[in-house]
Amino acid sequence: MEAKVIEQAMYDYFQLVGKTAIVTGAGNGIGKGIAKVLAGLGANVVACDIEADSVEKTAEEIRSKGLNVVGLYCDVRNYEDIHRVIQTAVDTYGTVDILVNNAAGCGGGVTVDNITEEEWMRLIELNLNSVYRFTMSVLPIMRAKKQGKIVNISSGAGITGDFSDPHYAAAKGGVIAFTKELAHELAKDRININSVAPGLVDTRMARIRPWEEEIADTLWHRAGQPEDIAYAVAYMASAASDFCTGQVLSPNGGAWMQ
């Protein structure tokens, strides 16, 4: 088979030309990597983050390559901000085809005996309730056209637990359970909803704690890069994953196996 034929076949399955994708938490780290990869595949990207300067830098990088992107401030705990982002996507690009719920925060490595109820609720609100809010806000658009791709970014902590931050693990485990439940409910609307649960990834959030033991536990003996996760998201956002829903994909360098 000629190389051009192979290249075209891959393009047909994974390209996102004409699709509009919202990516939350796109100012840095995994979210920034996702926004860049989806834009590179042809998507119109609406990148949002609570750090307005950071997400604008993400947008500038994408625009510098001649790709379509809008960078917006958004606090994913706030319905008004969420609705504004969705409306901007519709006004600018006509619709929303893909939602990547990536925005997240961690607890700084505290154990259960040291968590206040306020701190517990803070991470549940940021990591789990925000996924519910954004998903429910975008569903009317996807349901009306009987098509959509939702990718929820969970974490290995939501699968295996962790040595600290039980509130983070609980929230990320909830993201997976929410994803699986909605897969049942949204199948009739032909909306695919899946989760990506990364292992250790080289991000600003991950760098608050030592890595040595975690890296030693991976078969690849390295931390993941944001692009490693972005490629998994690209698969879940593309036509290549049309028969996948309610699934959890875990790019983790072999740290654990499902």
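The values are calculated or read from the model by the stated rules, or taken from the named source; none is laboratory data. What you see is a predicted model, and the numbers here were worked out from it, not measured in a lab. Here Cβ is always computed from backbone atoms with ideal geometry, including for glycine, and neighbour counts include all displayed protein chains.
Key figures
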quantity: The stretch 224-258 - residue that is among the aromatic types (Phe, Trp, Tyr) and at pLDDT 95 or above and, of those, farthest from Leu38 (Cα to Cα); calculated: Phe243
quantity: Selected residue (criterion: surrounded by the fewest Cβ atoms within 10 Å (Cβ to Cβ)) from residues of the stretch 80-96 that are of a type in the set (S, T, N, Q) and touching a residue at least 40 places away in the same chain (Cβ under 8 Å); calculated: Thr92
quantity: Positions within the stretch 34-58 being within 16 Å of Tyr231 (Cβ to Cβ) and among the small types (Gly, Ala, Ser), in sequence order; calculated: Ala35, Ala39, Gly40, Gly42, Ala43
quantity: Residue count, the stretch 177-202 (criterion: of a type in the set (Val, Ile, Thr) and over 13 Å from Ile150 (Cβ atoms)); calculated: 1
quantity: Matching option when the condition is farther than 21 Å from Asp202 by Cβ, in a loop (DSSP other than H, G, I, E, B), at pLDDT 95 or above and within 20 Å of the chain's Cα centre (by Cα), among Gly42, Gly27; calculated: Gly42
quantity: Meets criteria (in contact with a Phe, Trp or Tyr (Cβ under 7 Å, 6 or more places away or on another chain), of a type outside the set (Asp, Glu) and under 20 Å from Arg77 (Cβ atoms)) for Leu123; calculated: yes
quantity: Number of positions in the stretch 102-134 that are within 15 Å of the chain's Cα centre (by Cα) and crowded, with 20+ Cβ neighbours inside 10 Å; calculated: 9
quantity: Residues of the stretch 139-168 that turn out to be in contact with a Gly (Cβ under 9 Å, 6 or more places away or on another chain), hydrophobic (A, V, I, L, M, F, W, C) and buried (at least 24 other Cβ atoms within 10 Å of the Cβ), as a count; calculated: 2
quantity: Among residues of the stretch 218-255, those that are under 22 Å from Gly29 (Cα atoms) and in a loop (DSSP other than H, G, I, E, B), counted; calculated: 13
quantity: Count of the stretch 17-69 residues which are touching a Leu at 6+ places or on another chain (Cβ under 9 Å), touching a residue at least 60 places away in the same chain (Cβ under 8 Å) and surrounded by fewer than 24 Cβ atoms within 10 Å (Cβ to Cβ); calculated: 3
quantity: Some residue of the stretch 50-72 being part of a loop (DSSP other than H, G, I, E, B), of a type in the set (Gly, Ala, Ser) and either at pLDDT 95 or above or out of contact with any helix residue (DSSP H, G or I) (no Cβ under 8 Å at 6 or more places or on another chain) (or both); calculated: yes
quantity: Unique match (being among the hydroxyl-bearing types (Ser, Thr, Tyr), touching a Pro at 6+ places or on another chain (Cβ under 7 Å) and in contact (Cβ under 8 Å) with a residue 12 or more places away in the chain) among Ser164, Ser137, Ser155, Ser130; calculated: Ser155
